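J.: Quick one: structure below, then a few questions.
The values are calculated or read from the model by the stated rules, or taken from the named source; none is laboratory data. Predicted, not measured: the structure shown is a model, and the values here were computed from it. Heads up, the Cβs are rebuilt from the backbone with ideal geometry, glycines too, and the neighbour counts pull from every protein chain shown.
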Amino acid sequence: MSESSAQKTFDEVCQRIESAASLLVISHARPDGDTLGAMAGLRRAARSAGKTVAMVLPDRLPVRYEFLFPDERPASVSRFEALAGEADVIVVLDTCAANQLGGLPDKLAAIKAKVVVIDHHATPGQIGDLQWIDTSSAATGILVGDILAELGWSVDRQTAEALLTAILTDTGWLRFANTDSRCLRMVADLLDRGVRLDVLYRRIYQNDRLERIKLMARVLDGLELHGDGRIAVATICREDFAATGARPDETENLVNEALRMGSVEVSLMLIENADGVRVSLRSREIVDVAAIAERLGGGGHTRAAGVQLSDSLEVVKDRLLHACQQLLAEASGRSAGGGGRKRGG
Ligand SMILES: [Mn+2]
């Protein structure tokens, strides 16, 4: 998208949100801190600007993010049609892929004209007639922050806390490659609203239940290395949840643990669920894991992606290992064979 057409889309999104009397805000399934923080922040700011705002979450709200919704939890999918009927504009946050919206895609398709997407993923998808997708942004929370600034809406401490949650979780607390000056400027602005960063960190990352720690121990114990230690595979089967008492929403970030090992270029986490296997992919520097996920029907970013597959754990593992090994071989062929291409470039 050219700069001017991106600006035009941004202006149009701001105008649509401002002119709506009532909004319905939607997060994606398997919700993370970005989609939920962006939702909570947009909702609070829009309410104080006098809008009626409802929220729908097509999944369970992870316990660690409950603090974002102190007065009202997002509604379940069963309430979507009623809430969508009342809304002038439906804002979908942090995805434009229909398969990330749980039971909603067909219902959304019927009212596409009302749907405004705000997202930063490269994965293609068209669920709304108006989509602002800025892949240069580290988090959807930054895009919501831009909109609030443009509209001149009030950003109080709680709104700032919600947007900081979005930005800080999507950047691994400002450690990942997507951390840039734009992101840091937004973080600085939000901090000025009175947020305590250490308190926020403790609330999100030092607030686990013993059951999650036990699951983590079990997962790390079963960690496998492949391809000369460059690919790490962790699996969680149903038995692991049963044995530890941990819940499926307590697996967030476990995929990053294997990257503590210097040799690991790709970390794969396979989680057995009712529909098959959910795969999370992370890469250090060379492999484009979004490309792997996309080939299998998922998506994400170059360094962090995911996909849901309906096969068994063994089949999924073989397929992914094969794909990763192939990409790693291609990458080392490039760096060994010259051609002027740099690693990860
Ligand atoms: Mn995001």
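J.: For the range 69-90, does any single residue satisfy the condition of being at pLDDT 95 or above, within 16 Å of the ligand (Cβ to nearest atom) and assigned by TED's automatic domain parsing to the domain that holds THR9?
T.: no
J.: Sort out for me the helices (runs of 4 or more DSSP H) sitting completely within the range 116-200 that have 3 or more residues that are in contact with a helix residue (DSSP H, G or I) (Cβ under 6 Å, 6 or more places away or on another chain) and under 19 Å from THR95 (Cβ atoms). Reasoning before the result, please.
T.: On the way: elements: 140-151, 157-170, 181-191.
It comes to 140-151, 157-170.
J.: Suppose we filter the range 105-122 for residues that are farther than 30 Å from ARG182 by Cα and among the acidic types (Asp, Glu); how many remain?
T.: Number satisfying all stated conditions: 1.
J.: Please determine, by comparing only the residues of the range 104-132 that are within 13 Å of the ligand (Cβ to nearest atom) and without any contact (Cβ under 8 Å) to a residue 40 or more places away in the chain, which one is farthest from LEU42 (Cα to Cα). Break it down stepwise before answering.
T.: Step one: filter the range 104-132 for residues within 13 Å of the ligand (Cβ to nearest atom), giving 117-123.
Keeping just the survivors that are without any contact (Cβ under 8 Å) to a residue 40 or more places away in the chain gives 117, 119-120.
Values: VAL117: 13, ASP119: 14, HIS120: 16 Å.
Restricting to residues being within 13 Å of the ligand (Cβ to nearest atom) and without any contact (Cβ under 8 Å) to a residue 40 or more places away in the chain, the top hit is HIS120.
J.: Sticking with this one: Any idea which of ARG30, ARG60, ARG43 is in a helix (DSSP H, G or I) and of a type in the set (Lys, Arg)? Don't jump to the end; show me each part of the working.
T.: Values: ARG30 fails: in a helix (DSSP H, G or I); ARG60 fails: in a helix (DSSP H, G or I).
Testing whether each residue is in a helix (DSSP H, G or I) and of a type in the set (Lys, Arg) leaves just ARG43.
J.: Could you tell me whether the range 199-208 includes any residue that is more than 16 Å from the ligand (Cβ to nearest atom), farther than 26 Å from THR302 by Cβ and basic (Lys, Arg)?
T.: Yes: the range 199-208 contains one or more residues that are more than 16 Å from the ligand (Cβ to nearest atom), farther than 26 Å from THR302 by Cβ and basic (Lys, Arg).
J.: A further question follows. Can you tell me how many residues in the range 147-198 are more than 16 Å from the ligand (Cβ to nearest atom), of a type in the set (Ser, Thr, Tyr) and crowded, with 16+ Cβ neighbours inside 10 Å?
T.: 1
J.: Any chance the range 5-25 includes a residue that's more than 15 Å from the ligand (Cβ to nearest atom), outside any strand (DSSP E or B) and touching a helix residue (DSSP H, G or I) at 6+ places or on another chain (Cβ under 6 Å)?
T.: For the range 5-25, residues more than 15 Å from the ligand (Cβ to nearest atom), outside any strand (DSSP E or B) and touching a helix residue (DSSP H, G or I) at 6+ places or on another chain (Cβ under 6 Å): present.
J.: Still on this structure: Looking at VAL56, VAL63, can you tell me which residue is farther than 21 Å from MET186 by Cβ, crowded, with 19+ Cβ neighbours inside 10 Å and away from the ligand (no atom under 16 Å from the Cβ)?
T.: The unique qualifying residue is VAL56.
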